[in-house]
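Everything on this sheet refers to the single structure shown next.
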Amino acid sequence: MFAPAANVSAAACSNSFDYTLFGAREHIENLHPHNRRGTGGLRDGMVTFAQHVPGREKPWQEWTVPAGSGAITEAERLLQQDNRTDIYVSQAAFQQRRSISQLTVIGACYTDLDYHNCPRWKGRKPADVAGAVVDHLEDAMVPAPSYILSTGRGLVCVWLTELLPRVVLPRWNAVQKRLGDVLEPFGADRRALDAARVFRLCGSENSRAEWDRRTVGMVWCQGSPETPVRQVFGTLADEVLPFTHAELISLRAERAKRKAEGNDKTAPAVRHTALSYWESVLTDLQRLRAHRCPEGALPEGQRDAWLFVAGVAISWISPPEVLGREIVALADEAAGWRDSETKSRMSAVIKRARQAAAGQTVTFGKHEVDCRYRMKVSTIIEWLGIDPAEQRSAGLRVLVDQDRKRQLNTERTKESRHRRGAKDRIQQKAERLSMGGMALYLQAKKGLKRDELAEHFGVSTGQMSKAMAEARLGMTE
């Protein structure tokens, strides 16, 4: 059940709840709920689990389990084994492996608070810090989270939302950044704001924490421990971000007024923002790779150009702190490159992204612009050799030529008309012919004039004239 965000005072952080009711099952069910659309409430995507076990050849191990009952069973199994320390779970679901490029859905915003690094909060009880966090959010006019977990040496604040596709990442990232800014006094970890993040599983143990705080568990919630409040992302974003959709609508209305008065000198708005454009490009690149190479890896001769464009796309939609990891993961998946090879080949893309994050710009024309690489659609099509037939067969939506773009616009218009209940042209013409034929009959039988016929059928005189003309033409053919 979705509910609008609500600000809750620390006084509401009472001990009346039995927080032990929020265990591994509830953790997975809330982070990865069933999709209520479609058959059976099933949803696509894999949940990533991980565990750090010192002494192994590879201490950090990751594996994936299908979202749903499989993920719940896996979480409960992990807590029944002898070693329950340092177990993690992804906050989002993915196609195969944990990376932003393979994100399928995400149903939460979150912030990791390393308050043990803050002199003011170090050593304080987790519940006390959680109460202070809620009060601080209320003072900042930011909605309270759905729940707060104690992770042994810090807190994880989670705002549950409906299931969101990757296309919302630009706005989701903006919300994440704002939450991190607001909670900076509590040690918000800016490296833990990306969509491919893993946090400790509820009920597991933190090997680095003090003995009485080792177990990960809920210390605050909004709603009930079993079913914390799930918020509408659009409402959450409106309350968190500086400009809301309502304010943007107001700004657009004001601009329309200026334009009507002849005072608007601004250029027309573009269809995409830079972030949404590059997210769409990355989606098309994945479609193109799946079409050309169903087995997954790109052949020699196609890897460099594809990965450079994909790296540029990720640099626009991924936080700079995790950009290197994301590009390495994609290069391993798409080309089988080693980490060192990827970092060497993609160093310019990573460097530019870090410079942009530091506020550096470059001069383009007469303007100072973001120093990350830019590429036009036509350039990407030329680099990757995407011909018109492949644009159609691969189902591309952005990396298309002008002819295909016009076709897609026509298809979108028809789909939009259909959703609004509009009739297609064939049906409209058939109805006009039927009405025109009946009108000709009434004209011959009863001598009705055009105006009288229009009033009889409830249409304009122009529509009646067109219908009758088409009916006459049909009779002569």
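For L323, state whether it is closer than 30 Å to V175 by Cβ and assigned to a loop (DSSP other than H, G, I, E, B).
So L323 fails the test.
From the residues in segment 199-221 that are within 26 Å of the chain's Cα centre (by Cα) and in a loop (DSSP other than H, G, I, E, B), which one is farthest from E62 (Cα to Cα)?
Looking at residues that are within 26 Å of the chain's Cα centre (by Cα) and in a loop (DSSP other than H, G, I, E, B), I get C202.
Inspect segment 90-101 for any residue being touching a Cys at 6+ places or on another chain (Cβ under 7 Å) and not polar (S, T, N, Q) and give the result as yes or no.
No.
With the condition being farther than 30 Å from T273 by Cβ and either out of contact with any helix residue (DSSP H, G or I) (no Cβ under 9 Å at 6 or more places or on another chain) or modelled with pLDDT of 80 or more (or both), I'd like the helices (runs of 4 or more DSSP H) fully within segment 392-477 carrying at least 1 qualifying residues.
Qualifying helices (runs of 4 or more DSSP H): 425-446, 450-457, 461-476.
May I ask you to list the residues in segment 150-198 that are within 21 Å of A50 (Cβ to Cβ), part of a helix (DSSP H, G or I) and among the hydrophobic types (A, V, I, L, M, F, W, C)?
Within segment 150-198, just A192 meets the criteria.
Among T235, T227, which is within 30 Å of Q80 (Cα to Cα), under 24 Å from the mean Cα position of the chain (by Cα) and surrounded by fewer than 21 Cβ atoms within 10 Å (Cβ to Cβ)?
Just one listed residue meets the conditions, T227.
Consider only pairs whose beta carbons are under 6 Å apart and that are at least six residues apart or on different chains; among these, list those whose first residue lies in segment 42-58 and is under 23 Å from L164 (Cα atoms) and whose second residue is polar (S, T, N, Q) and modelled with pLDDT under 90.
Between residues of segment 42-58 that are under 23 Å from L164 (Cα atoms) and residues that are polar (S, T, N, Q) and modelled with pLDDT under 90, the close pairs are R43/N35.
Being of a type in the set (F, W, Y), more than 28 Å from G234 (Cα to Cα) and at pLDDT 95 or above narrows it down to one residue among F17, F49, F22; which is it?
Just a single option satisfies the conditions, and that option is F49.
Among the numbered criteria (1) touching a helix residue (DSSP H, G or I) at 6+ places or on another chain (Cβ under 6 Å); (2) in a loop (DSSP other than H, G, I, E, B), which single criterion is violated by W278?
W278 satisfies every listed condition except (2).
Which pairs do you get when a residue that is free of Cβ contacts under 8 Å to residues at least 40 places away in the same chain, found in segment 385-396, comes within reach of a residue that is part of a helix (DSSP H, G or I), reach meaning Cβ atoms under 7 angstrom, with the pair 6+ apart or on two chains?
Close Cβ pairs satisfying both conditions: P388/D403; P388/R404; Q391/R404; R392/R404.
Please work out if E333 is touching a residue at least 12 places away in the same chain (Cβ under 8 Å) and surrounded by 14 or more Cβ atoms within 10 Å (Cβ to Cβ).
yes
Mind listing just one residue for me: the one in segment 84-96 that is at pLDDT 95 or above and of a type in the set (S, T, N, Q) and, of those, nearest to the chain's Cα centre (by Cα)?
Q91
Among the residues in segment 104-119, are any free of Cβ contacts under 8 Å to residues at least 24 places away in the same chain, surrounded by fewer than 16 Cβ atoms within 10 Å (Cβ to Cβ) and assigned by TED's automatic domain parsing to the domain that holds G180?
Yes, there is a match, as at least one residue in segment 104-119 is free of Cβ contacts under 8 Å to residues at least 24 places away in the same chain, surrounded by fewer than 16 Cβ atoms within 10 Å (Cβ to Cβ) and assigned by TED's automatic domain parsing to the domain that holds G180.
Output the residue which, of all residues in segment 45-75 that are among the charged types (D, E, K, R) and surrounded by 14 or more Cβ atoms within 10 Å (Cβ to Cβ), is nearest to the chain's Cα centre (by Cα).
Going through the qualifying residues, I end up with E62.
Failed condition for R372, given (1) modelled with pLDDT under 90; (2) within 25 Å of the chain's Cα centre (by Cα); (3) not in a helix (DSSP H, G or I), with all others met?
(1)
Output the number of residues of segment 151-198 satisfying the condition of being within 21 Å of D114 (Cβ to Cβ) and under 11 Å from the mean Cα position of the chain (by Cα).
Of the residues in segment 151-198, 2 are within 21 Å of D114 (Cβ to Cβ) and under 11 Å from the mean Cα position of the chain (by Cα).
The values are calculated or read from the model by the stated rules, or taken from the named source; none is laboratory data. Note that this is a predicted model, so its numbers are computed, not measured. Cβ: placed from backbone, ideal geometry, glycine included. Neighbour counts: every protein chain shown.
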